[in-house]
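Heads up: the structure comes next, in structure tokens.
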Amino acid sequence: MVTIRKRKLLYFVIFSLTCILFLLHLLNSGGIYRGSNDSKLSDSSSNNNNNNDWSFKSLTERFDFSYLPNLSNNLKSSYNQLNLISDPGLEKKGYILEPGNVKFKFINNVKKRGTPEQVINENMEKYRQLMNKEIGKPQDASLVPPPDDSHEYDKKRANATILALVRNEELIKIGQSIKKFQRLFNSKFNYPYTFINDQPFTERFKQRITKYTENAPVEFVVIKPEQWNKPSFIDEAKEAKEMQLMHDHNIAYAKKASYHNMCRFYLGQFYNLPELQKYKYYWRIEPQVKFFTDVQYDVLKYMEDTQKIYGFTVSLYDIEESVKTLWPETLKFLNQGDNYKYVNPNGSFQWLVENLQNPKKNKMAGGYSTCHFWSNFEIGDMDFFRSEAYSTWFKYLDSTGGFYYERWGDAPVHSIGVSLFADKSKIHWFRDLGYNHDPYFNCARTPWTSACTVARFSRYEHLNKENCVINWLEYDEIKDVY
């Protein structure tokens, strides 16, 4: 056991040796007396210095205290936390995954430079070029085309359902989405639908929906109150105060209790519904969304055959005030016990901590860029969300009350979850699928996409700054499968 006195003595020795070596270097090189006229070194002198780095960090890295008796792991950890030595993993890879020492750092591996405005313009130009390049279907799997008879396709279909959380009063809006979805995709493959609601569906709703879904199987599910309502441990006075603060800052749905319930439900409850236990994959659709691509392959079968975990169409930044403590709480969780083991070393971490395009968001959100996959279109593997890694993390987040004291959305939490706990090759951008949820689009140049403007991200030009899919592609070095 190292005493406090011995620890202080060790730090003193480190500091003293560093100062002595540094002064000797200055005296030998004449650095103390060197004037401004001597600041330019010859090429040969520069090359010699590169092989003999006498910076403070380099000097401290040369010390090896492993020979000292009774040097505990705690002391080594304390020494590292003082930043007297740098961790090559954090500097080169952008992360450290150790017990009680999980860290992530944006390393800007593509060496992007400029003001936020310049970065936004550069990224949007890359986005336009990418989306204007004509593509076909994904090339990393043998795709299944539409069958001649969808009813004969039953045994080949993926284990999946089309999922919609919807209220009775949203009948017309969800009807608009389903009619388009049926025509462009599901009339060919006949996947079952699951409609869920925290209130019983009316007979009118059921009758109209079954007309929209044509011959596809349909199931209507009512969510139990204990799965929908906020937990009993939530401090309602604190909740009301925080909701009012967010409302005063014009944060959408801040005071809408059902929205907070919906986010929490989509994050930690839906995949455990008894009616969904028989399924592995879900394709989530929302009221009043649009599809623009006449899909020529079974998208859900593609997910299953490639063992993908998550699919999306749009990636954008969140409202930073709504997730101020989400990332700090996540880091707290990862640094508890052996929770570090849940992080996949080949995850997509860099876009989560990027700080060039919207640095103010990163600062307010405690180091989180707020980039996320927009979850109103998502295709996911429910077994991933049922896993120990995700479910343990969700339970921790839930215990903090952040779904009610802040407005942690299902999109940022799902995005952080798959980025941390899944291999990045298992996340797929459906670049080929035209989609719109006002005011954002995903519209690539394909032979089967129409009625949307190619490469348009938003109907409002000023919202182009919210697009962060290029960050995910570049900083996390995502392989292009098109």
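The values are calculated or read from the model by the stated rules, or taken from the named source; none is laboratory data. Here the structure is a predicted model, which is why all the values come from computation and not from measurement. Here the Cβ positions follow ideal geometry from the backbone for every residue, glycine too, while neighbour counts run over all protein chains shown. When the accessible area is computed, the model is the full protein with side chains, heavy atoms only, and any ligands, DNA or RNA have been set aside. Shrake-Rupley method; radii C 1.70, N 1.55, O 1.52, S 1.80 Å.
Has the stretch 358-380 got any residue that is closer than 18 Å to Glu320 by Cβ, modelled with pLDDT of 95 or more, in contact with a Pro (Cβ under 7 Å, 6 or more places away or on another chain) and of a type in the set (Gly, Ala, Ser)? Taking every residue of the stretch 358-380 in turn, at least one turns out to be closer than 18 Å to Glu320 by Cβ, modelled with pLDDT of 95 or more, in contact with a Pro (Cβ under 7 Å, 6 or more places away or on another chain) and of a type in the set (Gly, Ala, Ser). Note on the stretch 416-455: residues that are in a helix (DSSP H, G or I), of a type outside the set (Ser, Thr, Tyr) and in contact (Cβ under 8 Å) with a residue 60 or more places away in the chain total 6. When Glu219 is tested against (1) in contact with a strand residue (DSSP E or B) (Cβ under 7 Å, 6 or more places away or on another chain); (2) within 24 Å of Gly409 (Cβ to Cβ), just one condition goes unmet, and that condition is (2). Within the stretch 131-154, restricting attention to residues that are open to solvent by less than 40 Å² (accessible area, probe 1.4 Å) and either under 21 Å from Tyr435 (Cα atoms) or of a type in the set (Gly, Ala, Ser) (or both), the residue that is modelled with the lowest pLDDT is Ser150. A Cβ distance below 9 Å, combined with a sequence gap of six or more or placement on separate chains, defines the contacts here; from the stretch 289-305, residues that are part of a helix (DSSP H, G or I) reach residues that are modelled with pLDDT under 95 and not hydroxyl-bearing (Ser, Thr, Tyr) in the pairs Lys301/Lys156.
Taking the numbered list (1) surrounded by 21 or more Cβ atoms within 10 Å (Cβ to Cβ); (2) under 30 Å from Asn121 (Cβ atoms); (3) in contact (Cβ under 8 Å) with a residue 60 or more places away in the chain in turn, Asn355 passes all entries but (1).
I'm trying to understand the selection: among the residues of the stretch 275-288, which are open to solvent by less than 30 Å² (accessible area, probe 1.4 Å) and under 22 Å from the mean Cα position of the chain (by Cα)? Those that are open to solvent by less than 30 Å² (accessible area, probe 1.4 Å) and under 22 Å from the mean Cα position of the chain (by Cα): Tyr281, Tyr282, Trp283, Arg284, Ile285. The helices (runs of 4 or more DSSP H) located wholly in the stretch 134-239 that include 3 or more residues which are free of Cβ contacts under 8 Å to residues at least 40 places away in the same chain occupy 171-181, 203-212.
Here is a yes/no grid of residues against (1) of a type outside the set (A, V, I, L, M, F, W, C); (2) modelled with pLDDT of 95 or more; (3) closer than 30 Å to Tyr405 by Cα; (4) surrounded by 14 or more Cβ atoms within 10 Å (Cβ to Cβ):
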{"site": "Ser187", "(1), (2), (3), (4)": "yes, yes, no, yes"}
{"site": "Ile196", "(1), (2), (3), (4)": "no, yes, yes, yes"}
{"site": "Gln199", "(1), (2), (3), (4)": "yes, yes, yes, no"}
{"site": "Ile209", "(1), (2), (3), (4)": "no, yes, no, yes"}
{"site": "Phe220", "(1), (2), (3), (4)": "no, yes, no, yes"}
{"site": "Ile234", "(1), (2), (3), (4)": "no, yes, yes, yes"}
{"site": "Ala237", "(1), (2), (3), (4)": "no, yes, yes, no"}
{"site": "Met243", "(1), (2), (3), (4)": "no, yes, yes, yes"}
{"site": "Met262", "(1), (2), (3), (4)": "no, yes, yes, yes"}
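The set of residues from the stretch 419-471 being of a type in the set (S, T, N, Q) and more than 25 Å from Asn121 (Cα to Cα) comprises Ser419, Ser425, Thr449, Ser450. The residues of the stretch 87-112 that are in a strand (DSSP E or B) and out of contact with any strand residue (DSSP E or B) (no Cβ under 8 Å at 6 or more places or on another chain), listed by number, are Leu97, Glu98, Asn101.
For the stretch 389-406, the condition holds for at least one residue, the condition being that it is surrounded by fewer than 23 Cβ atoms within 10 Å (Cβ to Cβ), free of Cβ contacts under 8 Å to residues at least 60 places away in the same chain and touching a helix residue (DSSP H, G or I) at 6+ places or on another chain (Cβ under 6 Å). Could you check the stretch 298-342 and list, in sequence order, the residues that are open to solvent by less than 10 Å² (accessible area, probe 1.4 Å) and among the β-branched types (Val, Ile, Thr)? Within the stretch 298-342, Val299, Thr313, Val314, Val323, Thr330 meet the criteria.
Do we find a residue being outside any strand (DSSP E or B), more than 23 Å from His437 (Cα to Cα) and touching a residue at least 24 places away in the same chain (Cβ under 8 Å) anywhere in the stretch 254-270?
If we filter the stretch 254-270 for residues that are outside any strand (DSSP E or B), which is where we start, we get 254-270.
Filter again for more than 23 Å from His437 (Cα to Cα), leaving 268-269.
Retained after the next criterion (residues that are touching a residue at least 24 places away in the same chain (Cβ under 8 Å)): 268-269.
Scanning the stretch 254-270, I find at least one residue that is outside any strand (DSSP E or B), more than 23 Å from His437 (Cα to Cα) and touching a residue at least 24 places away in the same chain (Cβ under 8 Å), so the answer is yes.
Filtering the stretch 120-163 to residues that are polar (S, T, N, Q) and farther than 30 Å from Ile174 by Cβ leaves Asn121, Asn123, Gln129, Asn132, Gln139, Ser142. Could you say whether any residue in the stretch 320-336 is among the β-branched types (Val, Ile, Thr), at negative phi and assigned to a helix (DSSP H, G or I)? Looking through the stretch 320-336, at least one residue is among the β-branched types (Val, Ile, Thr), at negative phi and assigned to a helix (DSSP H, G or I). Counting only residues that are in contact with a Phe, Trp or Tyr (Cβ under 7 Å, 6 or more places away or on another chain) and over 29 Å from Pro447 (Cβ atoms), which one in the stretch 166-185 is surrounded by the fewest Cβ atoms within 10 Å (Cβ to Cβ)? Filtering the stretch 166-185 for residues that are in contact with a Phe, Trp or Tyr (Cβ under 7 Å, 6 or more places away or on another chain) and over 29 Å from Pro447 (Cβ atoms), the one surrounded by the fewest Cβ atoms within 10 Å (Cβ to Cβ) comes out as Asn168.
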